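Asks: Pasting a structure here, questions to come.
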Amino acid sequence: MKKIFFGSASLCLAAFLAACGGDDIATETAPAENGEGVSGTLDFYTSQPDADAQALVDAFKEQNPEVDVSIFRSGTEEVVSKIQAENQGGNIQADVLLVADSVTFENFKAEELLLAYESPEAEAIDEAFVDPDGTYAGTKIMATGLIVNTNEVTDVPTSWSILTDEATSGQAVMPSPLYSGAAAYNLGVMTRQDGLGWEFYESLRANDITITQGNGAVLESVATGEKNYGMIVDYLAARAKSDGSPVELVYPEEGVPVITEPVGIMANTENEEAAKAFVDFILSEEGQQLASELGYTPIREGVEAPEGLKTLDEMTILDAEAVELLETRDEDKAQFGQIFGQ
């Protein structure tokens, strides 16, 4: 049985850091030796698309054939709920976690559920995307922009305002922040921007935007022509266009929110060495090249982005303080639910 952890899911990062000084979150341990000799089982919890998660695991197993990796995949919010339920039951099953955004990891960090491990591969990643305490590191750059059906739309928009224009009433779709971690992060960021704010989401509701479960459903809706516009993570739109779908990806001129799909190790893992080897692989040049091949903008310096995606320095970034987003996430989602009747 795995180590038992108990913690309040509502504990906020600021209070925790004030009480603990932010230095005793987990014990830092030495890295695995290039994964050499690792074996056993790993439970990998992720919000990545099924095929991408499987491709990552398959590539890791080519180097580490003695490790048996089980995948649990769902939307970030459902993955988080599963871990919280397991934690309350005293038996977290996940060994390695890879979900949408840093706010989710900050919450688990505050509850002392993450192992501090500074992967040597993280040295090639901008320190802005690596937790200074070593409990998580970003794995890719993913912006949320607009997707447009080019069979139905001749004038490709440049602004988020297309979604609130009366002329497009009922023609747009977006993922739910109650399911998608990226959408929950976007909600927190965009409602804190001048010119957007909660008024933007109220206008989306007034313009009869459709709320669907996740980004994959947004893609399907726009690519098939059911809807003309959508809010979506950039890699899905670029990948669909590359595959021949009649869609265009737009980075709105006001700016875009960006997530990094961090990875971290749960503190109660029973296979620490294999978990470290898995994290090392994800952040390694080979792992980042795989991310690029799958259509993501890599986070590691020196690995090129795939065709159709902007690099970080080409984007106008919409941002907000992670601590604030953590403290207000439940409140933000509740307000979203009130606006949209969710």
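Asks: Looking at Lys2 and the list (1) at pLDDT 65 or above; (2) buried (at least 16 other Cβ atoms within 10 Å of the Cβ); (3) more than 21 Å from the chain's Cα centre (by Cα), which single condition is not satisfied?
Replies: Lys2 satisfies all of (1) at pLDDT 65 or above; (2) buried (at least 16 other Cβ atoms within 10 Å of the Cβ); (3) more than 21 Å from the chain's Cα centre (by Cα) except (1).
Asks: Specify which of the listed residues (Glu220, Glu273, Glu254) is among the acidic types (Asp, Glu) and surrounded by 20 or more Cβ atoms within 10 Å (Cβ to Cβ).
Replies: Numbers: Glu220 fails: surrounded by 20 or more Cβ atoms within 10 Å (Cβ to Cβ); Glu254 fails: surrounded by 20 or more Cβ atoms within 10 Å (Cβ to Cβ).
Answer to the selection: Glu273.
Asks: Could you pull out the residue among Arg205, Arg239 that is open to solvent by 20 Å² or more (accessible area, probe 1.4 Å) and modelled with pLDDT under 95? Give the steps one after another, and end with the answer.
Replies: Values: Arg205 fails: modelled with pLDDT under 95.
After ruling out the rest, the residue left standing is Arg239.
Asks: Follow-up question, since we're still on this one. For region 122-177, which positions are of a type in the set (A, V, I, L, M), in a strand (DSSP E or B) and more than 21 Å from Met190 (Cβ to Cβ)? Break it down into steps so the answer makes sense when it comes.
Replies: Of the residues in region 122-177, the ones of a type in the set (A, V, I, L, M) are 122, 124-125, 128, 130, 137, 141-143, 146-148, 153, 156, 162-163, 167, 172-174.
Right, trim to in a strand (DSSP E or B) and you get 125, 130, 137, 141-143, 146-148, 172-174.
Once the filter is applied, which keeps residues that are of a type in the set (A, V, I, L, M), in a strand (DSSP E or B) and more than 21 Å from Met190 (Cβ to Cβ), region 122-177 yields Ile125, Val130, Ala137.
Asks: Evaluate the following for Asp280: is it of a type in the set (Asp, Glu), buried (at least 18 other Cβ atoms within 10 Å of the Cβ), under 16 Å from Val189 (Cα atoms) and within 19 Å of the chain's Cα centre (by Cα)? Write out each step before concluding.
Replies: Numbers: of a type in the set (Asp, Glu): yes; buried (at least 18 other Cβ atoms within 10 Å of the Cβ): yes; under 16 Å from Val189 (Cα atoms): no; within 19 Å of the chain's Cα centre (by Cα): yes.
It is false that Asp280 is of a type in the set (Asp, Glu), buried (at least 18 other Cβ atoms within 10 Å of the Cβ), under 16 Å from Val189 (Cα atoms) and within 19 Å of the chain's Cα centre (by Cα).
Asks: Now for a different question. Quick one: which helices (runs of 4 or more DSSP H) sit completely within region 41-115 and have at least 3 residues that are open to solvent by 30 Å² or more (accessible area, probe 1.4 Å) and either closer than 18 Å to Val130 by Cα or touching a strand residue (DSSP E or B) at 6+ places or on another chain (Cβ under 8 Å) (or both)?
Replies: Numbers: elements: 50-63, 76-88, 102-110.
Hits in region 41-115: 50-63.
Asks: Can I ask one more? Could you check, for region 248-266, whether at least one of its residues is in a loop (DSSP other than H, G, I, E, B), in contact (Cβ under 8 Å) with a residue 40 or more places away in the chain and out of contact with any strand residue (DSSP E or B) (no Cβ under 9 Å at 6 or more places or on another chain)?
Replies: yes
Asks: Another one. State all residues of region 311-336 that are open to solvent by less than 30 Å² (accessible area, probe 1.4 Å) and either in contact with a strand residue (DSSP E or B) (Cβ under 6 Å, 6 or more places away or on another chain) or over 15 Å from Tyr185 (Cα atoms) (or both); if no residue qualifies, say none.
Replies: Met315, Leu318
Asks: Conditions first: (1) over 21 Å from Lys310 (Cβ atoms); (2) among the small types (Gly, Ala, Ser); (3) surrounded by fewer than 22 Cβ atoms within 10 Å (Cβ to Cβ). Ser245 passes all but one, so which condition is the exception?
Replies: (1)
Asks: Just to verify a result, which residue in region 209-264, among those that are under 18 Å from Thr168 (Cα atoms) and of a type in the set (D, E, K, R), is nearest to the chain's Cα centre (by Cα)?
Replies: Quick first cut of region 209-264, residues under 18 Å from Thr168 (Cα atoms) only: 209-212, 218-219, 221-232, 247-250, 252.
Add one more test, that the residue is of a type in the set (D, E, K, R), and what stays is 226-227, 248.
Details: Glu226: 26, Lys227: 24, Glu248: 22 Å.
Per the stated criteria, the residue is Glu248.
Asks: Suppose we filter Asp330, Asp319, Asp313 for residues that are more than 25 Å from Val250 (Cα to Cα) and among the charged types (D, E, K, R); which single one remains? Break it down stepwise before answering.
Replies: Working: Asp319 fails: more than 25 Å from Val250 (Cα to Cα); Asp313 fails: more than 25 Å from Val250 (Cα to Cα).
None of the other options fit; the residue is Asp330.
Asks: Just one of Gly308, Gly287 is in contact with a Lys or Arg (Cβ under 9 Å, 6 or more places away or on another chain) and open to solvent by 30 Å² or more (accessible area, probe 1.4 Å); which is it?
Replies: Gly308
Asks: Before we move on, is Asp155 at pLDDT 95 or above, more than 20 Å from the chain's Cα centre (by Cα) and open to solvent by 10 Å² or more (accessible area, probe 1.4 Å)?
Replies: On the way: at pLDDT 95 or above: yes; more than 20 Å from the chain's Cα centre (by Cα): yes; open to solvent by 10 Å² or more (accessible area, probe 1.4 Å): yes.
In short, yes.
Asks: Given (1) farther than 28 Å from Asn107 by Cβ; (2) open to solvent by 30 Å² or more (accessible area, probe 1.4 Å), where does Gln213 come up short, assuming only one miss?
Replies: In the conditions (1) farther than 28 Å from Asn107 by Cβ; (2) open to solvent by 30 Å² or more (accessible area, probe 1.4 Å), Gln213 misses (1) alone.
The values are calculated or read from the model by the stated rules, or taken from the named source; none is laboratory data. In this text the structure is predicted, and so the values were computed from the model without any measurement. Glycine also receives a Cβ, built like all others from the backbone with ideal geometry; neighbour counts cover every protein chain displayed. To get the accessible areas, we keep the full protein, side chains included, count just its heavy atoms, and leave off ligands, DNA and RNA. Shrake-Rupley method; radii C 1.70, N 1.55, O 1.52, S 1.80 Å.
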